[in-house]
1. Within 10 Å, count the other beta carbons around each residue, average over each peptide in 98-105, 137-144, 115-122, 79-86, and list them highest first.
2. Determine, from the Cβ-Cβ distance of V127 and R31 and an R0 of 25 Å, the FRET efficiency 1/(1 + (r/R0)^6), rounded to the nearest 0.05.
3. Counting other beta carbons within 10 Å of each Cβ, put K126, K153 in order, fewest first.
4. Please go through the residue pairs K153/K174; K34/K174; K34/K153 and name each one whose alpha carbons sit more than 29 Å apart in this structure.
5. With each pseudo-label sitting 7 Å past Cα toward Cβ, what's the I64-T110 distance in nm, one decimal?
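Derivation of every value follows stated rules applied to the coordinates shown; laboratory data play no part. Quantities reported herein were computed from a predicted structural model and do not represent experimental measurements. All Cβ positions, glycine included, derive from the backbone under ideal geometry; neighbour counts span all protein chains shown.
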Amino acid sequence: MLSIFNFSDASPVVLVIMLIISVFLWIEGYRLYKLAVFFLGFIAGFSLSALILQAVPSLPVPGIVIQVVVGLALGAASFLILKLGLFIAAACAAFILLSNLLQSLGMAGTVISFAAAVVAGFVATKVDKPVIIVLTSIVGGFAIIGVLLQLIKALPYDTSFLPAEGTIVWLIVKVLVSAVGIAIQFSKVKDED
């Protein structure tokens, strides 16, 4: 299963930085949409290159270097061409969500997910404001919970009472946190209009 919010190898310092960025994106994504689109493009490039690199047995440079370079390139392209950035962000979000939901269908699920991702990308370029708000809130909300789950592991307390990381409980929490971010951003934009 593709996960763009897997921070299991990150140090606590990186996790705290990612938490700050995630909270800012979750609440202020629309105000800084160019930066948010860069961030979403970076995540897309970083994650997709990680997925592709899993199939490559040996590399001349560390995989993380390739992931960062591809992420920065896609982020920069998204920042410079906002419509491209919105297309990439919406398409990646739709593909990741649908491919996880349709995983049991195998290749048919992947094809359906890809087709829906392309449609989502085109729709996103036509209705940019709501798409930016929803995508930044979802990315921020999911990242916040992903980072917090990793930070909890670093605590010197017994956390065995918490549900396992990949359970439906955490998915529900991520969706609820994202929904709060969407509501916050829409209320801020409404107040500014």
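1. Those peptides, ordered most packed to least, come out 137-144, 79-86, 115-122, 98-105.
2. Computed FRET efficiency for V127 and R31 comes out at 0.90.
3. Ranking K126, K153 by Cβ neighbours within 10 Å, fewest first, gives K126, K153.
4. As for pairs spanning more than 29 Å Cα to Cα, those are K34/K153.
5. 2.8 nm
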